[in-house]
Amino acid sequence: MYRLIMAARDASIAPPSTGAGAGAGEGTGVGGSSESEHKVAATTTAARPSSSFHSRWRGRLANKIAVVTGGGQGIGAAIVRRFVEEGCSHVAVFDVDEAASAIVVEGATALAKTVCEQLHARGVKDAVPTNVAFFRTNMSSEADVATSVASVVEWADGVDILVNNAATFIFGEVQDVTGESWDQVGMLCSLAGV
């Protein structure tokens, strides 16, 4: 994945033409192989930033563009929220679970608006909310990863931060693991790893 991001940064991966364009807003499709695969969730709920936010005027990651693989739940979702609190301009959630990711994107977008309002109240008038988007990405598919990376580059104009958090689990006894399941773990590790 690191190789794909660096290649995109060097403009050797041409982003697909999707009609969404850079700066796509809430509720619109975001790049990729089809509109149904890459969606940005709508915002409907409010959120409150963590107490650590209140000690800083601007985040440590101001204007950075982040990709979080496996960002649809658990640790990945917490990383997405933290990146919003720290001031990233864009956070891309790469995951296969569209429903869980939609909830994360919705909550993170609400949090971004709250953070922005608090910055405005403190006199930081040029603060804008973080853009958070979901990109359906099967990390065991190099084609999916390449499509999503190209879509993020088109959407956000680059990538500054990559968090390789995606994982897969095989449940059962070691002796019952099939070769196909083991290959899936190996493929995910080779694509998601740096």
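The values are calculated or read from the model by the stated rules, or taken from the named source; none is laboratory data. Keep in mind it's a predicted model, so treat the numbers as computed, not measured. Because the Cβ atoms are built from the backbone with ideal geometry, glycine has one as well, and the counts that use them run over all protein chains shown. With ligands, DNA and RNA removed, areas are computed over all heavy atoms of the protein, side chains included. Shrake-Rupley method; radii C 1.70, N 1.55, O 1.52, S 1.80 Å.
Going by the conditions given, is S101 in contact with a Leu (Cβ under 6 Å, 6 or more places away or on another chain) and among the hydroxyl-bearing types (S, T, Y)? Taking the combined requirement at face value, the residue does not satisfy it.
Please go through segment 128-162 and give me each residue that is open to solvent by 30 Å² or more (accessible area, probe 1.4 Å) and closer than 15 Å to K64 by Cβ, ordered by number. Once the filter is applied, which keeps residues that are open to solvent by 30 Å² or more (accessible area, probe 1.4 Å) and closer than 15 Å to K64 by Cβ, segment 128-162 yields V128, P129, N131, D157, D160, I161, L162. For segment 113-127, the set of residues classified as among the small types (G, A, S), at negative phi and open to solvent by less than 60 Å² (accessible area, probe 1.4 Å) consists of A127 only.
Before we move on, is G71 assigned to a loop (DSSP other than H, G, I, E, B) and touching a strand residue (DSSP E or B) at 6+ places or on another chain (Cβ under 6 Å)?
Numbers: assigned to a loop (DSSP other than H, G, I, E, B): yes; touching a strand residue (DSSP E or B) at 6+ places or on another chain (Cβ under 6 Å): yes.
When the stated conditions are applied, G71 passes them.
I need the full set of residues from segment 77-107 which are crowded, with 24+ Cβ neighbours inside 10 Å and not in a strand (DSSP E or B), in order please. Answer for segment 77-107, where residues must be crowded, with 24+ Cβ neighbours inside 10 Å and not in a strand (DSSP E or B): V80, F83, V84, C88, S101, V104, V105.
Is it fair to say A110 is open to solvent by less than 50 Å² (accessible area, probe 1.4 Å), aliphatic (A, V, I, L, M), touching a strand residue (DSSP E or B) at 6+ places or on another chain (Cβ under 9 Å) and over 16 Å from H90 (Cβ atoms)? Spelling it out, it is not the case that A110 is open to solvent by less than 50 Å² (accessible area, probe 1.4 Å), aliphatic (A, V, I, L, M), touching a strand residue (DSSP E or B) at 6+ places or on another chain (Cβ under 9 Å) and over 16 Å from H90 (Cβ atoms). When V185 is tested against (1) at pLDDT 95 or above; (2) among the aliphatic types (A, V, I, L, M); (3) surrounded by fewer than 23 Cβ atoms within 10 Å (Cβ to Cβ); (4) in a helix (DSSP H, G or I), just one condition goes unmet, and that condition is (1). Of all the listed residues (S12, S51), the sole one being modelled with pLDDT under 50, open to solvent by 40 Å² or more (accessible area, probe 1.4 Å) and over 16 Å from S151 (Cβ atoms) is S51.
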